[in-house]
Amino acid sequence: MSIRNRTEKVRTSAGLLGAAVVGAAGLVHAAWATGSTWPADSSDELADLVVGTRPMPGAPACAAVAALLGAASIATTLATVGGQGPIGRLTRRGSTFAAGVLVVRGVGGLAVEALNVGDVAPEFRRWNRRLYSPVCIALGVLIGLGAGAKAQR
């Protein structure tokens, strides 16, 4: 197997993994839009855990985030395994944009944490530092790799 084929295989795997995790995050946001408080016991606890302030954003906001994450997942999947032409270019641009947004969210979250900016719940600070920001950065990298998987042809 040539280096080019191995590189494409790694990029494809990275993109599909990133797309799957972003899609799963979209499903969680969709559940919140319907009123679920998972993994917390109440809406206030969920807000403290995932937003940092109360109240929890409403159903329209959660549904909008779910839709954007779903679109990012679909665009990344298509860019990763798709072909050339206008649709290929559009999905690569969409997934590249999503990758950038995720990296900015991750780096921004770590910067806010390091500077101790804002009055947010301690639970959010802890999870943002340990999970949310690092995962956003990792997903941005995975999706960015996937966006370039078929671009080299």
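The values are calculated or read from the model by the stated rules, or taken from the named source; none is laboratory data. The model shown is predicted, which means the values in this text are computed figures rather than measured ones. All Cβ positions, even for glycine, are placed from backbone atoms using ideal geometry, and neighbour counts span all protein chains on display. Side chains are part of the model used for accessible areas, which takes the heavy atoms of the whole protein and leaves out ligands, DNA and RNA. Shrake-Rupley method; radii C 1.70, N 1.55, O 1.52, S 1.80 Å.
Of the residues making up the range 8-27, those that are open to solvent by 40 Å² or more (accessible area, probe 1.4 Å) and more than 12 Å from the chain's Cα centre (by Cα) number 6.
Only one of the listed residues (2, 43, 73) is among the hydroxyl-bearing types (Ser, Thr, Tyr), at pLDDT 95 or above and more than 20 Å from the chain's Cα centre (by Cα). That residue is 43.
This table checks each residue for (1) surrounded by fewer than 20 Cβ atoms within 10 Å (Cβ to Cβ); (2) under 13 Å from the mean Cα position of the chain (by Cα); (3) in a loop (DSSP other than H, G, I, E, B).
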| site | (1), (2), (3) |
| --- | --- |
| 86 | yes, no, no |
| 89 | yes, no, no |
| 100 | yes, yes, no |
| 105 | yes, yes, no |
| 119 | yes, no, yes |
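Restricting attention to the range 30-60, the residues that are in a helix (DSSP H, G or I), closer than 10 Å to residue 121 by Cβ and open to solvent by 40 Å² or more (accessible area, probe 1.4 Å) add up to 2. Across the range 131-150, the qualifying residues are those that are at pLDDT 95 or above and among the aliphatic types (A, V, I, L, M), and the one among them that is farthest from residue 80 (Cα to Cα) is 131. Taking the stated definitions as given, is residue 99 touching a helix residue (DSSP H, G or I) at 6+ places or on another chain (Cβ under 8 Å) and closer than 22 Å to residue 30 by Cβ? Yes: the conditions hold for residue 99.
Taken over the range 67-84, the criterion of being surrounded by fewer than 22 Cβ atoms within 10 Å (Cβ to Cβ) and either assigned to a helix (DSSP H, G or I) or among the basic types (Lys, Arg) (or both) is satisfied by 67, 68, 70, 71, 74, 77, 78, 81.
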